[in-house]
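Worksheet: one structure, shown below.
The values are calculated or read from the model by the stated rules, or taken from the named source; none is laboratory data. Quantities reported herein were computed from a predicted structural model and do not represent experimental measurements. Cβ: placed from backbone, ideal geometry, glycine included. Neighbour counts: every protein chain shown. To get the accessible areas, we keep the full protein, side chains included, count just its heavy atoms, and leave off ligands, DNA and RNA. Shrake-Rupley method; radii C 1.70, N 1.55, O 1.52, S 1.80 Å.
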Amino acid sequence: MEPKLKIEIEQTVREIIEQSDMETTTEGQIRKIASRKLDLDLNQSEYKAFVRHVVNNFLEEQQSKEEARNKEPEYDDDGDLIICKLSDKRKVTIQNFKGTTLVSIREFYNKDGRDLPTSKGISLKEEQWAVLKKNMSAIQEAIREMKERL
């Protein structure tokens, strides 16, 4: 499937999902509406699997957002908001550096009972984070395709 078509299908499906009651709307209904909007039969197996993938990603994102809303905020020793721990040594944090909000994915080490950041990691400005987030489903799709090749 062409990357441009994938993006078009994903955007259309996400628009439909955002306007739907996901308690009662089925994946089949979403495919049917998207098929009409795109003038494309999304019941073909290749498209069907991709629509399922987009729907599942959306639902997972919503669940993560809900869990984040219900979670008490946790801060590290520098006062940065810890969004999640990826492992014992890696964390995703939100920090303010010289007036700029950054999303940091970084490795930490423990010294004298304190977790301190290492130089191993990346800090993204809000605009960079938005670009990465926008392309998350393409990244997930590429991971899925790579796994299928193995």
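A few remarks follow.
- Subset of segment 124-150 (residues that are outside any helix (DSSP H, G or I) and open to solvent by 100 Å² or more (accessible area, probe 1.4 Å)): Lys125, Leu150
- Filter result for Gly121 (assigned to a loop (DSSP other than H, G, I, E, B) and on the phi > 0 side of the Ramachandran plot): no
- Residue in segment 75-97 that is assigned to a helix (DSSP H, G or I), farther than 30 Å from Gly28 by Cα and aromatic (Phe, Trp, Tyr) present: no
- Single residue of segment 74-117 satisfying the filter (open to solvent by less than 40 Å² (accessible area, probe 1.4 Å) and of a type in the set (Val, Ile, Thr)) that is modelled with the lowest pLDDT: Ile82
- So Ser64, is it of a type in the set (Ser, Thr, Tyr), part of a helix (DSSP H, G or I), without any contact (Cβ under 8 Å) to a residue 60 or more places away in the chain and closer than 30 Å to Leu116 by Cα: yes
- Residues that are farther than 27 Å from Val54 by Cα and small (Gly, Ala, Ser) were ranked within segment 95-122; the one that is nearest to the chain's Cα centre (by Cα) is Gly121.
- Leading residue by the ranking (nearest to the chain's Cα centre (by Cα)) among those in segment 29-72 that are open to solvent by 30 Å² or more (accessible area, probe 1.4 Å) and of a type in the set (Gly, Ala, Ser): Ser64
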